[in-house]
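The next block holds one structure in the form of structure tokens; read it before the comments.
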Amino acid sequence: MNKYLFEDVLTGKFNITLPDSTYYASVKKRWDNAAKPLDSLGVFEDITARMGSILKTDKLNLGKKAIIVMCADNGVVEEGISQSGYEVTLAVAGAMGENKSSVCRMAAVNNTKIIPVDIGIKSDEIIPGVLDRKVSMGTRNFVKEPAMTKEEMYLAIQTGMDMVADLKHEGYAVIGTGEMGIGNTTTSSAVAAALLKCDEKELVGRGAGLSDEGLEKKKKVINDALNKYELLKSDTDVLTILQTVGGLDIAGLAGVIIGGAVYHIPVVLDGVISAVAALVAVRLFPEINKFIFASHMGKEPAMGYIIDELKLKPVIYGELALGEGTGAVMMFSLLDMALSLYNEQTTFDDISIEAYKRFV
């Protein structure tokens, strides 16, 4: 199948087509025929109808599901904003490659394929089982200089888009986003603050478990960078923000989310890093909002602000903060259960009772 360039989407040479509303209506009608009160499966009826409109079918089957886990290191770790070092990114990516990490264990329950991607791990080691799409050996320390070059950022975004094209060709019906990278709650908070024009103190959390002193240092590092590069100015370009204080994982996931819209595959977001990537994508292309779904309301403070901005409805409220795409995997199980009723439903005719009528 054809693969499209990010630059062509950005310049309007390729236009994203919107989901087909006729399939949304068809899925909703089938839900109404199920022997249950109208709308009684709540958000799942809307989510599945939206997915049908994206996939252009009312015969929904999410049998082939995948999580793309972008793994990358962040130069700002040099500033002591995390209690862990670069070696943890490499170790967890290696565990994913061996199918032993948290998300791998969870994905085995619902037959989801986990695709770990080295998009910027600070190591020249070849990691068995991890897809090598390295753009650079991590980002630069944004306290001292912009995190990425424009070329690196574009390549990371294109990498995400191309992966979605490949999965579409292989028959996957839904994709989840995941990430692994020490320091990425710092980069994601910085990008969120710059995009939302918020005080970083409202958005920054403890990540993987910072002390009070570490949290204050993290806030200062972000504040200093926002001021240094003047990223809170109203006319600051989205891609400039991403390039300056973002991460290769965020850029790669933004590409996955853009790819979901380009190739018409629903994308289920995980936590705050995924949500920031979605915010980047939607700021670039507002119509992408119709292709994304929030699996859960993550624990990081920035999550609520971003979800409100994206006008999404998270399904799971469990204070999750694990990352790796674990929230998206949980969401897949819930969708599988809802679709078991949708596809093998008992109708009102089956049980000889009168169907509920819709009055509003």
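Quick note: the coordinates plus some simple rules give every number you see, no bench work behind them. All of these numbers come straight from a predicted model, not from anything done at the bench. Cβ sites come from the backbone with ideal geometry, for glycine too, and all protein chains shown count toward neighbours.
A few notes on this one:
- Cross-link pairs Lys65/Lys134; Lys134/Lys228; Lys168/Lys311; Lys218/Lys299 - those with Cα-Cα distance over 22 Å: Lys65/Lys134; Lys134/Lys228; Lys168/Lys311
- As a rough footprinting exposure proxy, the listed residues Ile351, Ile306, Ile273 were ranked by other beta carbons within 10 Å of their own, and the order from fewest upward is Ile351, Ile306, Ile273.
- Least to most buried among Arg358, Arg133 (fewest other Cβ within 10 Å first): Arg358, Arg133
- Cβ-derived FRET efficiency at R0 41 Å, Leu38 paired with Phe14, nearest 0.05: 0.55
- For the Cα trace of the chain, dividing Rg by the Kirkwood Rh returns an Rg/Rh value of 0.99.
- Here the Gaussian network model covers the chain, with springs between Cα atoms less than 10 Å apart; of Val69, Val43, Val282, Val43 fluctuates the most.
- Crossing angle, helix 184-196 versus the chain [Cα axis fit, 0-90 degrees, rounded to tens]: 80
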